[in-house]
Amino acid sequence: MASLRDIRRRIASVQNTRKITKAMEMVAAAKLRRSQQRIEALRPYAGDMIEMMTDLATYSEEALNFALMKERPEVRRVAVVAVTGDRGLAGAFNANVVRKALEIERGLREDGGVETRIVAVGRKGIGTLRFRGCLIEKSWQGLSDRPDYSDAQHIAKYLIDQYVAGEIDRVRLVYNHFTSAIEQTLFDDVVLPVPREAVTDAERASGPVTYLYEPSAHSILESLLPAYVEIAVYRALLESSASEQGARMTAMRNASDAAEEMVDSLTLALNRARQAAITQEILEVVAGAEALS
Amino acid sequence: MAEQRPLHVEIVTPDGEVYSDDVGMVVLPGVDGELGVLPRHQPLVTLLAVGETRIRDLDGTWEYIATGIGYAQVLFDKVLVVCDHGELAGVIDVHRAEEAVRRARERLVERGDPGAQAEADYFRAEQALKRAENRLQVAGRRS
C-alpha cells in the first residue's frame with residue numbers, strides 16, 4: 001500500500017489540477033456568453049443572405065453567367081476549409097473537424113481521384129493535419145478567440161481568387177455548428193459554387209422565373225457574390241468560436257468532476273491507511289507490554 | 001380585392017433581425033429610387049441605398065424603418081432585406097443620431113491633407129452623416 005505521504009502528495013496534486021480546470025471552466029463560460037451573443041445576432045442575417053444566393057442560383061438565368069455560380073462540369077480539385085480552434089483542452093472539438101476533413105479527403109480520392117486542397121484555420125487544426133502528413137495549401141491562425149469580419153474577408157478573398165483562377169472547382173467548409181453550450185454539431189457546407197435548391201416538379205411547372213434587376217444583374221451580383229462568401233465564412237468562424245468555448249467548458253467541467261471524485265477516493269484510501277497504521281502501532285505497543293509482563 | 005394575399009417581409013442586419021412579419025405592402029429605398037412592392041410582385045433583386053423602408057401592415061397602418069445599404073430580393077411573395085443596419089422608427093435614439101450628425105459634420109470640415117487616408121476618412125464621415133441624417137428623418141415619422 002502507498003505510504004501516507006505519497007497519498008497526501010497525490011491529493012494535493014489532484015486538488016491543484018482541479019483548481020486549474022475549474023478556472024478554465026469559468027473563463028470558457030464567460031467567453032461563451034459573448035461568442036454566443038455574436039453568433040445568434042448574425043444567424044438571421046447570414047441565413048437570409050444565403051437564402052437569397054440560393055434562390056438566385058436556382059431561379060435566375062443571368063446569375064448563372066457568373067463564374068462563382070456555375071457548376072463546373074468536371075470537379076478535379078476541392079478545397080476543404082477545416083475550421084478549428086487555436087487551443088486544445090476542449091474535448092473532441094478540434095479532433096472532430098480534423099477527422100472529418102481527412103474523411104472527405106479519402107472519400108474524394110477513392111471516389112475518382114479528386115484532389116483535395118486543405119485550407120486550415122486555427123492552430124490546432126494546422127498542427128494535427130501537418131502531423132498526419134497533409135499538405136496544407138494555406139492557413140490562418142490567431143483568430144478563433146474573437147474572429148473579425150476582416151479575417152473572414154481575407155479567407156473569402158483567397159477562396160474566390162483560387163476558384164476564379166480554376167485552381168479549385170468546389171469549396172467546402174467544415175466547422176462545428178453551435179447547437180447549445182453542451183452540444184456542437186459538425187457541419188460540412190458547400191460554399192462555392194453557390195448551391196442550388198432542388199426544385200420540385202410542381203414549382204418547375206409554374207414556368208421559369210424572370211428576375212428584374214435594379215440597377216443591373218451585373219452590378220448587383222458583382223458585389224453580392226463576394227459578400228455572400230464573406231458572410232458564409234464569417235458565420236462558420238463565429239459558430240466555431242462559440243462551439244469551442246462550449247466544448248471547453250464541458251470538457252473542463254468533466255475534468256473538475258473527475259478530479260473531485262479522485263480526491264474523494266484518495267481521501268478514503270488515506271484514512272484507511274492512517275487507521276491501519278494506528279492499529280498496527282497499538283498492536284505493537286500491546287505486544288511489547290505483554291512481552292515485558 | 002377578393003382575398004388579400006400577404007407579403008412576407010424579413011429585414012435583417014449583422015446585429016440581428018429587425019423585422020419579420022406578413023404585411024400588405026413594402027416600399028424599399030433602391031439605389032435608383034423607391035420601389036413599391038405588393039403581393040404577386042415579379043421576382044426582383046435590387047441594391048438598396050441608405051433610406052427609409054416603409055411597410056403597410058395588413059390592417060393598413062404604416063411602419064417606418066431606417067435601413068442602410070444592402071440588398072433586397074422579392075421572390076414568391078417573400079421580401080428579403082439584407083442591409084448593414086436597420087432601426088424601427090420607434091427605437092431610434094434621437095440624441096445619439098443628432099450627436100452623430102454633429103460629429104460627422106465636424107470631421108467633414110476638418111478635412112486633412114490630400115492623401116488616401118484623408119480620402120478614406122472623408123468618405124467614412126460622409127457615410128456616417130448619411131446614416132445619421134436618415135435616422136433622424138425616419139425618427140421624425142413618429143407620431
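Could we say that A:Val285 is in contact (Cβ under 8 Å) with a residue 40 or more places away in the chain, surrounded by fewer than 20 Cβ atoms within 10 Å (Cβ to Cβ), part of a helix (DSSP H, G or I) and among the aliphatic types (A, V, I, L, M) here? Taking the combined requirement at face value, the residue does not satisfy it.
A:Met26 meets all of the listed conditions (1) hydrophobic (A, V, I, L, M, F, W, C); (2) modelled with pLDDT of 90 or more; (3) part of a loop (DSSP other than H, G, I, E, B) but one, namely (3).
Conditions tested, residue by residue: (1) surrounded by fewer than 18 Cβ atoms within 10 Å (Cβ to Cβ); (2) outside any strand (DSSP E or B).
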position	(1), (2)
A:Tyr213	no, no
A:Leu221	no, yes
A:Pro226	yes, yes
A:Thr267	yes, yes
A:Ala273	yes, yes
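Annotation note: of A:Ala198, A:Ala165, the sole residue that is surrounded by fewer than 12 Cβ atoms within 10 Å (Cβ to Cβ) and at pLDDT below 85 is A:Ala198. Restricting attention to the stretch A:62-80, the residues being within 11 Å of chain B (Cβ to nearest Cβ) and either surrounded by fewer than 20 Cβ atoms within 10 Å (Cβ to Cβ) or touching an Asp or Glu at 6+ places or on another chain (Cβ under 6 Å) (or both) number 1. Report whether or not B:Ala104 is under 30 Å from A:Ala46 (Cβ atoms), assigned to a helix (DSSP H, G or I) and touching a residue at least 24 places away in the same chain (Cβ under 8 Å). Yes: the conditions hold for B:Ala104. For the stretch A:44-61, filtered to residues that are within 30 Å of A:Leu102 (Cα to Cα) and crowded, with 17+ Cβ neighbours inside 10 Å, the residue that is farthest from the other protein chains (Cβ to nearest Cβ) is A:Ala57. Here A:Gln15, A:Gln37 are screened, and the one residue that is surrounded by fewer than 20 Cβ atoms within 10 Å (Cβ to Cβ) and within 14 Å of chain B (Cβ to nearest Cβ) is A:Gln37.
Looking only at residues of the stretch A:56-109 that are among the β-branched types (Val, Ile, Thr) and part of a loop (DSSP other than H, G, I, E, B), we find that the one that is farthest from the chain's Cα centre (by Cα) is A:Val75.
Of the set (1) more than 30 Å from A:Leu221 (Cβ to Cβ); (2) assigned to a helix (DSSP H, G or I); (3) in contact with a Lys or Arg (Cβ under 7 Å, 6 or more places away or on another chain), all apply to A:Ala46 but (1).
Taken over the stretch A:35-66, the criterion of being touching a residue at least 40 places away in the same chain (Cβ under 8 Å) and touching a Gly at 6+ places or on another chain (Cβ under 9 Å) is satisfied by A:Ser35, A:Gln36, A:Leu42, A:Arg43, A:Tyr45.
Among the residues that make up the stretch B:25-45, is at least one of them away from chain A (no Cβ under 11 Å), in contact with a helix residue (DSSP H, G or I) (Cβ under 9 Å, 6 or more places away or on another chain) and among the charged types (D, E, K, R)? For the stretch B:25-45, residues away from chain A (no Cβ under 11 Å), in contact with a helix residue (DSSP H, G or I) (Cβ under 9 Å, 6 or more places away or on another chain) and among the charged types (D, E, K, R): absent.
The values are calculated or read from the model by the stated rules, or taken from the named source; none is laboratory data. This structure is a prediction, so every number in the text was calculated from the model and none was measured. Neighbour counts are summed over all protein chains in view; Cβ atoms, including those assigned to glycine, are modelled from backbone coordinates with ideal geometry.
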